[in-house]
1. Identify, from the list Lys193, Lys207, the residue that is touching a residue at least 40 places away in the same chain (Cβ under 8 Å) and either farther than 20 Å from Ile73 by Cβ or in contact with a helix residue (DSSP H, G or I) (Cβ under 8 Å, 6 or more places away or on another chain) (or both).
2. In this structure, does Ile22 turn out to be closer than 22 Å to Ser156 by Cα and in a strand (DSSP E or B)?
3. Are any of the residues in the stretch 164-182 on the phi > 0 side of the Ramachandran plot and either assigned to a strand (DSSP E or B) or modelled with pLDDT under 95 (or both)?
4. Looking at Val8 and the list (1) exposed (fewer than 15 other Cβ atoms within 10 Å of the Cβ); (2) closer than 24 Å to Arg164 by Cβ; (3) of a type in the set (A, V, I, L, M), which single condition is not satisfied?
5. Examine the stretch 132-145 for a residue that is within 15 Å of the chain's Cα centre (by Cα), surrounded by fewer than 21 Cβ atoms within 10 Å (Cβ to Cβ), among the charged types (D, E, K, R) and within 13 Å of Leu11 (Cβ to Cβ), and state whether such a residue exists.
6. Return the residues of the stretch 15-70 that are surrounded by fewer than 15 Cβ atoms within 10 Å (Cβ to Cβ), free of Cβ contacts under 8 Å to residues at least 40 places away in the same chain and over 12 Å from Pro81 (Cβ atoms); say none if nothing qualifies.
7. Taking the conditions exactly as written (among the basic types (Lys, Arg) and at pLDDT below 95), does Arg28 satisfy them or not?
8. Count, please, the residues in the stretch 111-124 that happen to be assigned to a loop (DSSP other than H, G, I, E, B) and either of a type in the set (Lys, Arg) or within 19 Å of Pro150 (Cβ to Cβ) (or both).
Amino acid sequence: MRQPGEAVDHLLLGASDLDVAIAWFDERTGVRAARGGSHPGVGTQNALVSLGGAQYLEIIAPDPAQSVYGFHIDVRTLTAPRLVTWAASRPSADSMAAAARAARLEVFGPADGSRARPDGTTLHWRTVGVRTELASPAADPVPFFIEWAPGTRHPSADSPPGCRLILLELAHPDSARLRQTLATLGIDALVAKAPAPAIHAVLDTPKGRVQI
């Protein structure tokens, strides 16, 4: 069993406008996220910040160049940047999917994903999602799981440095159910009770410790 902070591959900070969110994060932390590229067919684009080790933060926002929108949380409706979900690292998407199905969870994937970087290289990965009734339109505290393709350089390696993940906190109206679902997925989480699903992270930054 892993703690949430240990399991994190990356955090997703949703925003309705990428430039506004980059400035928002820079003002709070002193680190300016670098544009990473767009997600073809999903309708989103991103900017990245390394969190040290093999972890990073992804600002995800609508891509005006795409006419479709398929991301499962509609960041277009957000009035301010906020953490909307997170990804947990797994060495094998296939084994993760099999384990979740064996636990009678509803699984989608493994699905192939890719993103073209500004330098022309393409990142490849596979993801596994778990569909539950624990998400709200604005936040899904149950992570999806990601396996990076062999030879793909992890985004934390060359994203702007300076931040480090100290703590990941999850909250939900049905805290016991969320805690049990995460335990089934191999994550030992302390979940606070709250009026709505929420994800909060504490980062060590050049401007001190910051909660987002």
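1. Lys207
2. So Ile22 fails the test.
3. First, pick out the residues of the stretch 164-182 that are on the phi > 0 side of the Ramachandran plot: none.
Checked against the condition, which is being on the phi > 0 side of the Ramachandran plot and either assigned to a strand (DSSP E or B) or modelled with pLDDT under 95 (or both), the stretch 164-182 yields no hits at all.
4. For Val8, the exception is condition (1).
5. No, the conditions are met nowhere in the stretch 132-145.
6. Hits for the stretch 15-70 are Gly41, Pro64, Ala65, Ser67, Val68, Tyr69, Gly70.
7. Spelling it out, it is not the case that Arg28 is among the basic types (Lys, Arg) and at pLDDT below 95.
8. Start the filter on the stretch 111-124 by keeping residues that are assigned to a loop (DSSP other than H, G, I, E, B), which leaves 117-121.
Narrowing further to those that are either of a type in the set (Lys, Arg) or within 19 Å of Pro150 (Cβ to Cβ) (or both): 117, 121.
The qualifying residues number 2.
The values are calculated or read from the model by the stated rules, or taken from the named source; none is laboratory data. If you're wondering where the values come from, they're calculated on a predicted model, not measured in any experiment. No Cβ is skipped: glycine too gets one built from the backbone with ideal geometry, and neighbour counts run over all protein chains shown.
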